[in-house]
C-alpha cells in the first residue's frame, strides 16, 4: 500500500480533517485550546474498515448510586480525565487515511498513511478504547460488575476500590486514599491522564460536599442549555404565553425535540421533564411557546436553589426549588396516576386538582401557570386536496430487489417444514428465492414465529432469512441486554426435527438498492429500471418524477395504497411507512407523509419508494394541506393563558413599588392562518358542551346567546379573544356547575 498511488486505492482510503475547539471550565472561563485530527468516519465501509462499533458507557443511575454509597459509607470520590481517550484503542482492521492537512511529506504527496492506533471519528474508536480499558483493569485484578459493564471492583487487603468509566471520565471511589492513589498510578502508567483530585463535576452534575453528606446540583449545566437557546439574554417572562403571534404551519417540532433531548441530561429533574414534554396531540409551535415561557418563569428559583421532594399522595409528589430566604420559589406538582381520574392534593395549605399523568408548574409556588393536560392553545382542522396523481403506469419505473436485507442468512439442506423464531421486529423467509413466510411482532411483545410448509426441489435447497428492525431504544436500563433478530431455525422432515440455529450462516447487511443509492439522481442511473408491471411483488423499488405544487401550503404524500417500506424525495428520506400495520381500531396509524418544500425543486423532482410487502403505487397522490378551521376549548379549571407576573420593582428608597398581579380568567384565543379571516362561526357554546373540536354538541347547560357573543367578537377578524366568564355571556346558564367554552370557526 505504501508504494502505490492514493488514487488507485480510493475505495480503501479514508480522509480526515482538523477540528479546533475551546474547552470551557464549569465556571465559564477558558480552560485550553484544542486541535484534534478526526477521520471522516461516515465514509467508512462496513466489512472493510470496521465490523463492530457498539461500546458501553456507565449508566447515570449507576453513578448516582455510587455517590449515594459514598455518602452512606463515608467513601472518598476522586476523578480522572483521560486525555484523548480514543487514541488509546488498538485497531483490529487495516485502515489507511490520506496524509493530514499541514503534514504532507514533500515529494510523497501521493502516499497514504496506515493507522497503527485508533483516531477520533472512526466508527470503532469507542469500542476499541473500551476494550483497551477492560484489558488494563482485568490485568490489575479488577472485576467487571455484572449489571454495569463500565463499573470495576477490586478487593485489596484493607478496603474495596470502585472504578466507574463514562467514556473518558473516571471516578475512583474508596475509603482509603492510599488505595485511590495506587489505582491512579496503575492508570497513569497506561494512559495519559489529568488528575482532577476530589470529584467536583461529573456529567454536568456538580458535587457539593457538606457536613450532612454530598449535595448534587446541575445549575451550571442548566445555564449552559439556557445560553444555547438564548434564554439568558432575556428577562423573566411576564406572561406564560404571548397570544399575538400568528399561527405557524409546522414549526417548532424538531426544535422542541432538540431542546428536550438536551434537557433530559438534567438528571436531577429528568422525571419532571419527561412528564412536562409529554404534551397532548399536535405538539407544535404553540406548545413550545408555552413551555419556553414556563421555564423562564421558574428560571431564578431553579438556578439558585436545590430541589426538594415532598410526597402528596401514593403517586403524587411536589418538587420545590426554594432558596434559604424563601423569596424565590417555584414548584412542580406531579401526578403519575394514569387511572383517568383527577386527584385533589394539598400543597402549602392550598388545594390543587391534578389531572392524570400530568404536571402543574407553579412559578411562585402558589399559582398554576402551566399544566401539561390543560394547554390553552388552539387546534386546527386540516383539509387535504389531491393536486397530482401517479395513476398511470407510464409515470412509474420499477427495479426488483434481490431477496437480501438487514440480516442475510443462508444454508443449504433438504427440508419439508420451516419454523423460524424471531425476537423482532419483522421477518421474511425465502426458499429457493421464493417468499414462503412473513411475520412481525407487536408493540407489547416483539417475539413471534414464522412457520411454513414448502415445496422443495430435488437435491439442494436454499433458505434465506431477511430480518429487519423497526426502531430501537437508545436509552433505558439494561440497554445492552435487549436482543432482536432471528432466535432459532428448525426444520421438520420425515427423519425428525433438525436444529440449524448454531451452524455456520452467511451474513449480509443492506439491500442492493441501498448500496447503489438508487434513491438519488446519480444512484438511480445504476439501477436496472423497467416499466411498471401489472403484477406487484415484494421488495420492489419504484421511481417517478413530479413537479412541485404551486403556493405555500403544506405538501404530503398519500400512501394509503402501499404496504411497508421507505420513501425518498430528491435523495432525502421522508421516513418509513407501514400502512398495512393497523391500529386496534383497524386503520393505519398514518397515511399522509410530509414532504418539506425545502426538499423540492420547481420541476422534475424524483420520488423513489422501496416496498417490502405488496403495494399499488398507482393510487399514490400528492396532496396539499390547508388550515380551514380553528378551534379552542377551555374550562374553568384551565390556567389563564395570559397571567401578568409583575415582579417586585424597587424604588429609589429601596421599597417595593409594585406587587405581583395574576390574571383570573381562562380565555379562548382564535387565530386564522395568514391571508384569511374568521368567515363563519361553526359552533359556540358556553356551558357543558360535549365532545371536542372534532365532534362537538351543546349540552344540557348552554348559554343561548353563545354564538351571537362569539360572532360579535370574532366574525370578519383574523384573530379574537373571548373570556371564560358568565358575565361575558349575560348570565350564568347553570349556577353551581362547572362550565367550559368551546368555539369552532371557519377561516376563509
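Each value in this text was obtained by applying a stated rule to the coordinates, not by laboratory testing. This structure is a prediction, so every number in the text was calculated from the model and none was measured. Heads up, the Cβs are rebuilt from the backbone with ideal geometry, glycines too, and the neighbour counts pull from every protein chain shown.
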Sorting 298, 734 on the 10 Å Cβ count, fewest up front, what's the list? 734, 298
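Peptides 597-606, 113-122: what's the order by average Cβ count within 10 Å, highest mean first? Provide the component values of the computation, followed by the final result.
Details: 597-606: 12.4, 113-122: 17.7.
Averaged packing, sorted descending, gives the order 113-122, 597-606.
Would you please put 349-357, 549-557 in order of how densely packed they are, using the mean number of other Cβ atoms within 10 angstrom per residue and starting with the highest?
Final packing ranking: 549-557, 349-357.
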Provide the descending list of Cα extents for segment 63-128 along its principal axes, expressed in whole angstroms. 64, 24, 14
Quick one: Debye curve from the alpha-carbon atoms of segment 696-748 only, equal weights, vacuum; give me log10 I(q)/I(0) at q = 0.17, 0.19, 0.21 Å⁻¹ to two decimals. -0.56, -0.68, -0.82
Given the peptides 580-588, 363-371, arrange them by the average over their residues of other C-beta atoms within 10 Å, most packed first. 363-371, 580-588
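How large is the direction-averaged shadow of the alpha-carbon convex hull of segment 6-213, in nm²?
Values: hull surface 55.7 nm².
For segment 6-213, averaging the hull's shadow over all directions gives 13.9 nm².
Fewest to most neighbouring Cβ within 10 Å: what's the order for 486, 743, 509?
Values: 486 19, 743 31, 509 13.
Least crowded to most crowded, the residues run 509, 486, 743.
For residue 84 and residue 177 in the same chain, what is the full-extension length gain: residue separation times 0.36 nm, less their Cα-Cα distance, in nm?
Working: separation 93, 0.36 × 93 = 33.48 nm, distance 2.63 nm.
Contour length minus Cα-Cα distance gives 30.8 nm.
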Pseudo-spin-label distance residue 700 to residue 349, built 7 Å along Cα→Cβ, given in nm, is 3.9
